[in-house]
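This report concerns only the one structure given below.
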Amino acid sequence: MSAQVELERHRRRGAIAARLLDTAPDAAAALDWDALDRAPAWLAIPDTELALEQRRIGAVLRAAAIRLWIDRRRLAAARTAVGDDFLRVLLADCAAPETSPASVPGTDGGSDVAEWLRQAGAAVQAAAISDSPLGHAAAIGLCGRDGGAQPLEAGAARGLIERAKRIGATLGPNV
């Protein structure tokens, strides 16, 4: 293994370990280096990038509910949270998953919509890796003590994550 690859591996491990030790120290204590090596790449990205990714995944999960919105402030908040182009492409796609519009946030501010989307996306990410000690630590770190309580099976969660990535990839870099 080249020195550059090894350095990147250590940087990635360190970023994941730091995130999990900050957010779920008891669960992170059970992890070893191999678990950190198997972690998904999104666990190592900076907080602002992770939050955007989570909001976008949440928007994919909640696309059917978002399509029903007529409140301009709520729609503007969603555009701000995930990016106007991302939301446009998502809502133009006819293949949105069927979801219930349960617990839609109020319209008193954009932060409610952004946080609602972020929490939904974090729960999807946690569900995608839920079948391991790393998944347990990540669920606590991303979603709190209840681990997000998202009733999704891991394969479906990974599919939602990939769909959000595909939409984002169509928009080009930095969108």
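The values are calculated or read from the model by the stated rules, or taken from the named source; none is laboratory data. The structure presented is a predicted model; accordingly, all values stated were derived computationally and were not measured. Cβ coordinates were reconstructed from backbone atoms using ideal geometry, including for glycine residues, and neighbour counts include every protein chain displayed.
Observations on the structure shown:
- Under the condition of being part of a loop (DSSP other than H, G, I, E, B) and within 11 Å of the chain's Cα centre (by Cα), the residues counted in the stretch 40-52 number 0.
- Of all residues in the stretch 125-141, those satisfying the criterion of being under 18 Å from I57 (Cβ atoms), touching a residue at least 60 places away in the same chain (Cβ under 8 Å) and either touching a Lys or Arg at 6+ places or on another chain (Cβ under 9 Å) or outside any helix (DSSP H, G or I) (or both) are A128, I129, A138, G141.
- Answer residue from the stretch 23-58, given it is of a type in the set (V, I, T) and surrounded by 12 or more Cβ atoms within 10 Å (Cβ to Cβ) and is farthest from Q119 (Cα to Cα) among those: I45
- Pair list, Cβ < 6 Å and 6+ apart or interchain, from the stretch 15-39 residues that are assigned to a loop (DSSP other than H, G, I, E, B) to residues that are β-branched (V, I, T) and crowded, with 16+ Cβ neighbours inside 10 Å: A24/I140; A39/I16
- Residues of the stretch 53-90 that are part of a helix (DSSP H, G or I), of a type in the set (A, V, I, L, M, F, W, C) and out of contact with any Lys or Arg (no Cβ under 9 Å at 6 or more places or on another chain): A59, L61, A63, A64, A65, L75, A76, A77, V89.
- All of A92, A81, A169, A137 fail the test of being in contact with a Gly (Cβ under 8 Å, 6 or more places away or on another chain), hydrophobic (A, V, I, L, M, F, W, C) and either modelled with pLDDT of 70 or more or buried (at least 21 other Cβ atoms within 10 Å of the Cβ) (or both), apart from A81.
- Taking residues in the stretch 74-88 that are touching a residue at least 12 places away in the same chain (Cβ under 8 Å) and over 16 Å from R163 (Cβ atoms), and partners anywhere that are part of a helix (DSSP H, G or I) and basic (K, R), the pairs with Cβ atoms closer than 9 Å and at least 6 places apart or on different chains are A78/R55; A81/R55; A81/R56; A81/R118.
- Residues satisfying the stated conditions in the stretch 15-43, i.e. more than 13 Å from S132 (Cα to Cα) and touching a Leu at 6+ places or on another chain (Cβ under 9 Å): A15, I16, A17, R19, L20, T23, A24, A29, W42, L43
- Among the criteria (1) modelled with pLDDT under 90; (2) within 24 Å of R19 (Cβ to Cβ); (3) among the charged types (D, E, K, R), the one E115 does not fulfil is (1).
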